[in-house]
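Worksheet: one structure, shown below.
The values are calculated or read from the model by the stated rules, or taken from the named source; none is laboratory data. Keep in mind it's a predicted model, so treat the numbers as computed, not measured. Cβ placement follows ideal geometry from the backbone for every residue including glycine, while neighbour counts extend to all protein chains displayed.
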């Protein structure tokens, strides 16, 4: 990897946490310069605009989230346990701040629902990926006869994601971890009561 690419990736890493914590509108170029210790000219050698940095920063944070989720699920063999592993990751996002700023999909979706179409599109794509992965876990549970065959996979996935992300949002809004715990407990109830055979 060349020096230019190393610098570019360094800028992305440094700005990713800023964007994920303060949002697109709340992050200034001067903060990116200060945090990365790269001059304005150096930044513009690698990026055409703040928007381009923000898109790369989102991709970086989402890749980190996917790696954390994949690692957590790889330690579990049963579909229900994999879903609970996802819950555990989101609890850690809130309680241990394992990803500075929390869930990049939620943060980007909330800030850019009407504001920034490219970032909204990135968040939609990321959420689609998350929902598809969750859907595959549910399908596997149906195939293994652990989940009911009549489960509508897309509906079940959206309920689970909404509970988890809603718990993250409420915990951040009230600065109280109890909400992510309440919502992930509801996921457990849903799995064992509404989905399990």
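Right, residue 193: without any contact (Cβ under 8 Å) to a residue 24 or more places away in the chain, in contact with a helix residue (DSSP H, G or I) (Cβ under 9 Å, 6 or more places away or on another chain) and part of a helix (DSSP H, G or I) or not?
no
Restricting attention to region 146-158, the residues that are under 24 Å from the mean Cα position of the chain (by Cα) and either surrounded by 12 or more Cβ atoms within 10 Å (Cβ to Cβ) or farther than 13 Å from residue 194 by Cα (or both) add up to 5.
Number of residues in region 127-145 that are outside any helix (DSSP H, G or I) and either under 18 Å from the mean Cα position of the chain (by Cα) or crowded, with 16+ Cβ neighbours inside 10 Å (or both) equals 0.
Scanning region 146-190 for residues that are farther than 12 Å from residue 94 by Cβ, in a helix (DSSP H, G or I) and in contact (Cβ under 8 Å) with a residue 60 or more places away in the chain turns up 160, 187, 188. Among the criteria (1) more than 24 Å from residue 170 (Cα to Cα); (2) touching a residue at least 24 places away in the same chain (Cβ under 8 Å), the one residue 67 does not fulfil is (2).
All conditions but one from (1) within 15 Å of the chain's Cα centre (by Cα); (2) over 21 Å from residue 158 (Cβ atoms); (3) crowded, with 21+ Cβ neighbours inside 10 Å; (4) in contact (Cβ under 8 Å) with a residue 60 or more places away in the chain apply to residue 59; the one that does not is (3). Would it be correct to say that residue 115 is modelled with pLDDT under 95, farther than 20 Å from residue 92 by Cα and within 20 Å of the chain's Cα centre (by Cα)? Judged against the criteria, residue 115 is a match.
When you look at residue 186, is it touching a strand residue (DSSP E or B) at 6+ places or on another chain (Cβ under 8 Å) and surrounded by 13 or more Cβ atoms within 10 Å (Cβ to Cβ), yes or no? Show your work before the answer.
Values: touching a strand residue (DSSP E or B) at 6+ places or on another chain (Cβ under 8 Å): no; surrounded by 13 or more Cβ atoms within 10 Å (Cβ to Cβ): yes.
No.
Among the residues of region 46-54, is there at least one that is within 22 Å of residue 110 (Cβ to Cβ), more than 18 Å from the chain's Cα centre (by Cα) and in contact (Cβ under 8 Å) with a residue 60 or more places away in the chain? Looking through region 46-54, at least one residue is within 22 Å of residue 110 (Cβ to Cβ), more than 18 Å from the chain's Cα centre (by Cα) and in contact (Cβ under 8 Å) with a residue 60 or more places away in the chain.
In region 90-99 there is no residue matching the filter, namely being at pLDDT 95 or above, within 14 Å of the chain's Cα centre (by Cα), within 22 Å of residue 196 (Cβ to Cβ) and loosely packed, with under 15 Cβ neighbours inside 10 Å.
Can you tell me which residue is surrounded by the most Cβ atoms within 10 Å (Cβ to Cβ) among those in region 19-36 that are over 24 Å from residue 123 (Cα atoms) and in contact with a helix residue (DSSP H, G or I) (Cβ under 8 Å, 6 or more places away or on another chain)? My answer is 36. Among the conditions (1) closer than 20 Å to residue 80 by Cα; (2) in contact with a helix residue (DSSP H, G or I) (Cβ under 6 Å, 6 or more places away or on another chain); (3) surrounded by 19 or more Cβ atoms within 10 Å (Cβ to Cβ), the only one that residue 102 does not satisfy is (1).
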